[in-house]
Amino acid sequence: MTRPASAKDRIIAAIDVADEAAALNLIRRLRGRVGLFKLGLELFTASGPDIVVKAKVEGEAGVFLDLKFHDIPNTVAGAARSASRLGVDMLTIHLAGGGAMLAAASAAVASGTLLLGVSVLTSSSAETQFEIGADADIPSQVNRLVGLGVANNIRGFVASGHEIKALRAAFGRDICLVIPGIRPSGAVKAGDDQQRVMTPARAVAIGADYLVIGRPITADPDPAEAAGKIADDIARGVPSGTHGHV
Ligand code: C5P
């Protein structure tokens with residue numbers, strides 16, 4: 001499994017914009033400052049697969065395609081193969097799709113594509129779990145789904161910072177953990193939809209491999225500088241940032 005070589009390489013910038021021009025503009029500004037760019041459903045659906053190639057060329061970095069596949073094994077395997085052929089470095093699938101789907105997807109991707117399993121979405125509550133008939137509490141459900149992934153050859157997982165310790169205790173260092181909900185100041189700004197946050201250095205100190213960071217970088221007047229400061233904090237192991245740029 002690939003491990004990030006430097007603090008900068010740990011940073012995955014979430015390019016959560018709706019159109020290609022805005023995405024490529026941001027990606028160019030961040031060239032050399034981050035390890036990967038995360039492209040999501042909105043941008044991919046609007047721009048089409050070419051955005052993956054353009055992002056790789058313009059950004060001179062990896063691409064994480066966050067499409068969260070969940071379908072029958074044959075369909076997910078085909079979609080994962082297509083994404084892998086585009087040169088995608090990381091790709092998400094829903095662990096809830098089941099063991100056969102996970103194994104089929106894992107067999108379909110080239111070695112350069114790290115499949116990441118998504119467990120329970122952070123938008124899910126105990127009520128959502130009840131609605132869909134999943135009666136385990138959320139931490140148990142996350143543990144169960146990650147275990148299912150490991151048993152079916154999935155080696156990377158998206159998890160909240162607050163799940164890192166439990167997942168490392170249960171599954172060790174062999175899995176790759178990709179963590180969103182990162183805030184450099186360690187504080188939530190008014191109006192922010194991320195409620196349970198963690199600083200970059202703290203997340204890395206307790207076992208995160210990669211950090212998904214969106215607005216603290218992309219909403220900063222100088223995204224390259226914001227990314228650079230985050231990489232410095234990670235490299236120095238600063239537990240909580242003092243830059244105030246949430
Ligand atoms: O702007 P912000 O740093 O909150 O962006 C975080 C990114 O990580 C977004 O693209 C969001 O969809 C994604 N994400 C998340 N929480 C999860 C999984 C993914 O915020 N549990």
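Among the listed residues Val88, Val34, Val53, which satisfies the condition of being within 13 Å of the ligand (Cβ to nearest atom), β-branched (Val, Ile, Thr) and modelled with pLDDT of 95 or more? Quick ask: steps written out before the conclusion?
Numbers: Val88 fails: within 13 Å of the ligand (Cβ to nearest atom); Val53 fails: within 13 Å of the ligand (Cβ to nearest atom).
Selected residue: Val34, the only one of Val88, Val34, Val53 that is within 13 Å of the ligand (Cβ to nearest atom), β-branched (Val, Ile, Thr) and modelled with pLDDT of 95 or more.
Going by the conditions given, is Thr2 part of a loop (DSSP other than H, G, I, E, B), of a type in the set (S, T, N, Q) and either within 15 Å of the ligand (Cβ to nearest atom) or at pLDDT below 95 (or both)? Steps first, answer last, please.
Values: part of a loop (DSSP other than H, G, I, E, B): yes; of a type in the set (S, T, N, Q): yes; either within 15 Å of the ligand (Cβ to nearest atom) or at pLDDT below 95 (or both): yes.
Judged against the criteria, Thr2 is a match.
Only residues that are of a type outside the set (Lys, Arg) and open to solvent by 40 Å² or more (accessible area, probe 1.4 Å): list them for region 32-68, please.
First pass over region 32-68, keeping only residues of a type outside the set (Lys, Arg): 32, 34-37, 39-53, 55, 57-67.
Result: Gly32, Leu41, Glu42, Phe44, Thr45, Ala46, Pro49, Asp50, Val53, Val57, Glu58, Glu60.
Which residues, taken from region 5-30, are over 17 Å from Met90 (Cα atoms), among the acidic types (Asp, Glu) and part of a loop (DSSP other than H, G, I, E, B)?
Asp19
Go through region 105-133 residue by residue and tally those that are more than 12 Å from the ligand (Cβ to nearest atom), open to solvent by 20 Å² or more (accessible area, probe 1.4 Å) and modelled with pLDDT under 95.
8
Could you tell me which of the residues Ala231, Ala201, Ala227 is in a helix (DSSP H, G or I), within 13 Å of the ligand (Cβ to nearest atom) and surrounded by 15 or more Cβ atoms within 10 Å (Cβ to Cβ)? Steps first, answer last, please.
Working: Ala231 fails: within 13 Å of the ligand (Cβ to nearest atom); Ala201 fails: within 13 Å of the ligand (Cβ to nearest atom).
Checking each option against the conditions leaves just Ala227.
Within region 184-198, is there a residue that is under 15 Å from the mean Cα position of the chain (by Cα), within 12 Å of the ligand (Cβ to nearest atom) and at pLDDT 95 or above?
So far as region 184-198 goes, no, none of its residues is under 15 Å from the mean Cα position of the chain (by Cα), within 12 Å of the ligand (Cβ to nearest atom) and at pLDDT 95 or above.
Filter region 155-171 for residues that are within 16 Å of the ligand (Cβ to nearest atom) and assigned to a loop (DSSP other than H, G, I, E, B) and give the result. Walk me through it before giving the result.
Start the filter on region 155-171 by keeping residues that are within 16 Å of the ligand (Cβ to nearest atom), which leaves 156-164, 166-167.
Of everything in region 155-171, those that are within 16 Å of the ligand (Cβ to nearest atom) and assigned to a loop (DSSP other than H, G, I, E, B) turn out to be Ala159, Ser160.
Go through Pro184, Pro221 for me and flag whichever is touching a residue at least 60 places away in the same chain (Cβ under 8 Å), farther than 28 Å from Ala108 by Cβ, in a loop (DSSP other than H, G, I, E, B) and not hydroxyl-bearing (Ser, Thr, Tyr). Steps first, please.
Details: Pro221 fails: touching a residue at least 60 places away in the same chain (Cβ under 8 Å).
So the residue among Pro184, Pro221 that is touching a residue at least 60 places away in the same chain (Cβ under 8 Å), farther than 28 Å from Ala108 by Cβ, in a loop (DSSP other than H, G, I, E, B) and not hydroxyl-bearing (Ser, Thr, Tyr) is Pro184.
Arg144 passes all but one of (1) in contact (Cβ under 8 Å) with a residue 12 or more places away in the chain; (2) more than 13 Å from the ligand (Cβ to nearest atom); which number fails?
(1)
Given the structure, is Asp137 under 25 Å from Ala231 (Cα atoms) and open to solvent by 60 Å² or more (accessible area, probe 1.4 Å)? Even if it seems obvious, please write down each step before you answer.
Details: under 25 Å from Ala231 (Cα atoms): no; open to solvent by 60 Å² or more (accessible area, probe 1.4 Å): yes.
Spelling it out, it is not the case that Asp137 is under 25 Å from Ala231 (Cα atoms) and open to solvent by 60 Å² or more (accessible area, probe 1.4 Å).
Of the numbered conditions (1) more than 16 Å from Val178 (Cβ to Cβ); (2) under 17 Å from the mean Cα position of the chain (by Cα), Arg236 fails exactly one; give the number of that condition.
So Arg236 meets the others, but not (2).
Determine whether region 169-180 contains at least one residue that is open to solvent by 10 Å² or more (accessible area, probe 1.4 Å) and under 30 Å from Leu26 (Cα atoms). Show your work before the answer.
Keep residues of region 169-180 that are open to solvent by 10 Å² or more (accessible area, probe 1.4 Å), which gives 169-174, 180.
Now narrow it down to the ones that are under 30 Å from Leu26 (Cα atoms): 180.
Checking region 169-180: at least one residue is open to solvent by 10 Å² or more (accessible area, probe 1.4 Å) and under 30 Å from Leu26 (Cα atoms).
The values are calculated or read from the model by the stated rules, or taken from the named source; none is laboratory data. None of these values were measured; they are calculated from a predicted model. Every residue, glycine among them, receives a Cβ derived from its backbone with ideal geometry; neighbour counts consider all protein chains shown. Areas reflect the complete protein model, heavy atoms only, side chains present, ligands, DNA and RNA absent. Shrake-Rupley method; radii C 1.70, N 1.55, O 1.52, S 1.80 Å.
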